[in-house]
Amino acid sequence: MAEEMRFGIVGCGVIGPHHARAISGLEDARLVAVADVVPERARKLASEHGCDWHESASDLLARADVDAVSVCVPSGEHASLAIAALEAGKHVVVEKPVDVRLGPIDELIEAQRRTRRKVAVISQHRFDPASQVVHDAACSGRFGRLTLGTAEVLWWRSQEYYDSGEWRGTWELDGGGALMNQSIHTIDLLQWMMGPVEEIAAYTGLLAHERIEVEDTAVAALRFANGALGTIVGTTAAYPGLTARLTVHGDRGSAIIDGDRLSYFHAASEEGGGRAYGAAGGGNQAEEVMRSFEEQAAATAGADPSQLSMAHRSQIRDFIEAVREDREPLVDAEEGRKGVEIILAIYESARTGRPVRLGQGQK
Ligand SMILES: NC(=O)c1ccc[n+]([C@@H]2O[C@H](COP(=O)([O-])OP(=O)(O)OC[C@H]3O[C@@H](n4cnc5c(N)ncnc54)[C@H](O)[C@@H]3O)[C@@H](O)[C@H]2O)c1
């Protein structure tokens with residue numbers, strides 16, 4: 001790889017320009033070319049960033065001066081395009097979800113191993129300071145035995161949103177609705193903090209939209225492998241659109257992330273006191289733990305702590321470092337697979353009316 005990582009972006013719709021800005025803001029990355037089957041979109045993004053443009057992904061993949069490719073096309077085309085990029089010798093950043101079916105995701109994982117390239121799957125909220133704080137606390141046992149985890153995404157998407165692209169709201173290319181497209185971020189955080197999900201029972205509904213095939217509302221009850229219980233509530237039918245909230249609870253502490261910010265945190269002190277009868281709410285330590293995290297992060301990130309808030313950029317920086325250090329990115333294809341597996345199990349449970357155990361070979 002050259003001194004700087006040279007990027008290409010395939011797909012210049014809503015999220016492609018976001019990748020372009022994230023890449024352009026990194027000093028050791030450069031945007032070399034973009035591609036879109038709708039040429040005006042590629043031309044426009046290229047002119048904004050002073051790079052080349054192509055009408056076809058294969059022309060971009062054929063370039064020797066591209067080290068890494070961001071895959072920003074509709075979700076059901078992710079794995080096939082990512083595999084083509086790996087086979088062309090590129091490292092790959094894939095937008096979420098990594099794909100909408102497990103079969104193509106497993107093929108991507110196999111291609112990544114075979115080509116010995118790196119794959120990062122965008123789950124930018126894992127890089128939010130609040131997510132990092134709660135993940136560290138949950139994994140280091142500060143909340144004691146984990147008992148309950150909840151993910152709630154109470155959003156609104158208008159009918160115009162679904163009508164804005166033919167792929168939106170289709171099983172084939174969107175892979176699902178409120179869960180596969182929108183709630184996947186919070187679901188990924190839930191499983192990252194609580195650990196693997198063992199069993200799921202769920203209902204889904206299409207309640208406030210038309211001309212789409214998929215759910216706009218879903219509820220699920222979960223049992224995690226560690227015995228903890230959980231719930232997932234995801235909707236794009238809660239007008240006018242409220243918050244995305246994640247809660248993690250244990251017998252010695254709890255945390256709430258609301259709208260990407262840590263709104264509540266309490267961990268019992270070493271001396272005990274955490275199990276006092278009716279220790280209602282305890283003291284909210286959120287400000288204190290965030291301050292200490294920001295201080296530590298500023299000390300290690302050095303140059304520019306303000307970049308910490310830019311989650312997409314942080315994830316692409318992690319990807320570049322992973323290539324340099326020959327390690328896996330924080331969210332590789334196997335990590336990206338976990339949220340998709342949970343969502344597909346929710347769909348299966350809703351369809352069959354039965355609980356679904358995970359890891360039973362769904363494709
Ligand atoms: N991480 C996030 O927060 C976030 C936010 C929005 C979208 N996304 C993800 O990004 C992906 C794209 O979503 P979007 O909202 O940008 O969609 P979009 O429809 O706005 O853009 C997709 C673009 O890809 C182009 N395209 C389709 N197939 C192509 C191909 N084979 N070669 C070249 N170009 C092709 C389309 O012409 C279109 O311009 C989805 O998977 C979505 O889930 C992620």
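Some notes on this structure:
- Within region 67-84, not a single residue is over 19 Å from residue 119 (Cβ atoms) and not aromatic (Phe, Trp, Tyr).
- Residue check, residue 144 over 16 Å from the mean Cα position of the chain (by Cα) and among the small types (Gly, Ala, Ser): yes
- Subset of region 179-207 [within 12 Å of the ligand (Cβ to nearest atom) and either of a type outside the set (A, V, I, L, M) or surrounded by fewer than 24 Cβ atoms within 10 Å (Cβ to Cβ) (or both)]: 181, 182, 183, 185, 186, 188
- Residue satisfying all of: in region 25-47; small (Gly, Ala, Ser) and buried (at least 19 other Cβ atoms within 10 Å of the Cβ); farthest from the ligand (Cβ to nearest atom) among these: 29
- Qualifying residue in region 22-33 (condition: touching a helix residue (DSSP H, G or I) at 6+ places or on another chain (Cβ under 6 Å), under 24 Å from residue 168 (Cα atoms) and outside the structural domain of residue 165 (by TED's automatic domain parsing)): no
- Residue list for region 312-349, restricted to those being surrounded by 21 or more Cβ atoms within 10 Å (Cβ to Cβ), among the β-branched types (Val, Ile, Thr) and more than 16 Å from residue 103 (Cβ to Cβ): 316, 320, 331, 342, 346
- Top-ranked residue in region 93-125 [being within 11 Å of the ligand (Cβ to nearest atom) and touching a Phe, Trp or Tyr at 6+ places or on another chain (Cβ under 9 Å); ranked as nearest to residue 312 (Cα to Cα)]: 123
- Test: residue in region 139-146 that is part of a strand (DSSP E or B), closer than 25 Å to residue 200 by Cα, in the same structural domain as residue 249 (by TED's automatic domain parsing) and in contact with a Ser or Thr (Cβ under 6 Å, 6 or more places away or on another chain): no
- Qualifying residues in region 208-250 (those that are among the charged types (D, E, K, R) and closer than 25 Å to residue 359 by Cα) - the one surrounded by the fewest Cβ atoms within 10 Å (Cβ to Cβ): 223
- Within region 66-86, if we keep just the residues that are free of Cβ contacts under 8 Å to residues at least 40 places away in the same chain and under 16 Å from the mean Cα position of the chain (by Cα), the residue that is nearest to the ligand (Cβ to nearest atom) turns out to be 78.
- Failed criterion for residue 14 (all others in (1) aliphatic (A, V, I, L, M); (2) in contact (Cβ under 8 Å) with a residue 24 or more places away in the chain; (3) within 14 Å of the ligand (Cβ to nearest atom); (4) not in a helix (DSSP H, G or I) hold): (2)
- For region 155-178, filtering for residues that are aliphatic (A, V, I, L, M) and either surrounded by fewer than 19 Cβ atoms within 10 Å (Cβ to Cβ) or within 12 Å of the ligand (Cβ to nearest atom) (or both) leaves 1.
- Verdict on residue 69 being within 22 Å of residue 177 (Cβ to Cβ), surrounded by 24 or more Cβ atoms within 10 Å (Cβ to Cβ) and out of contact with any Ser or Thr (no Cβ under 6 Å at 6 or more places or on another chain): no
- One residue alone among 335, 325, 295 is of a type in the set (Asp, Glu) and modelled with pLDDT under 90, and that residue is 295.
- Of the criteria (1) basic (Lys, Arg); (2) within 8 Å of the ligand (Cβ to nearest atom); (3) under 19 Å from residue 315 (Cβ atoms), which one residue 6 fails: (2)
- Of all the numbered requirements in (1) part of a helix (DSSP H, G or I); (2) closer than 30 Å to residue 28 by Cα; (3) out of contact with any Lys or Arg (no Cβ under 6 Å at 6 or more places or on another chain); (4) in the same structural domain as residue 35 (by TED's automatic domain parsing), residue 133 misses one, and that requirement is (4).
The values are calculated or read from the model by the stated rules, or taken from the named source; none is laboratory data. Here the structure is a predicted model, which means the values were calculated and not measured. Glycine gets a Cβ as well: all are built from the backbone with ideal geometry, and neighbour counts include every protein chain shown.
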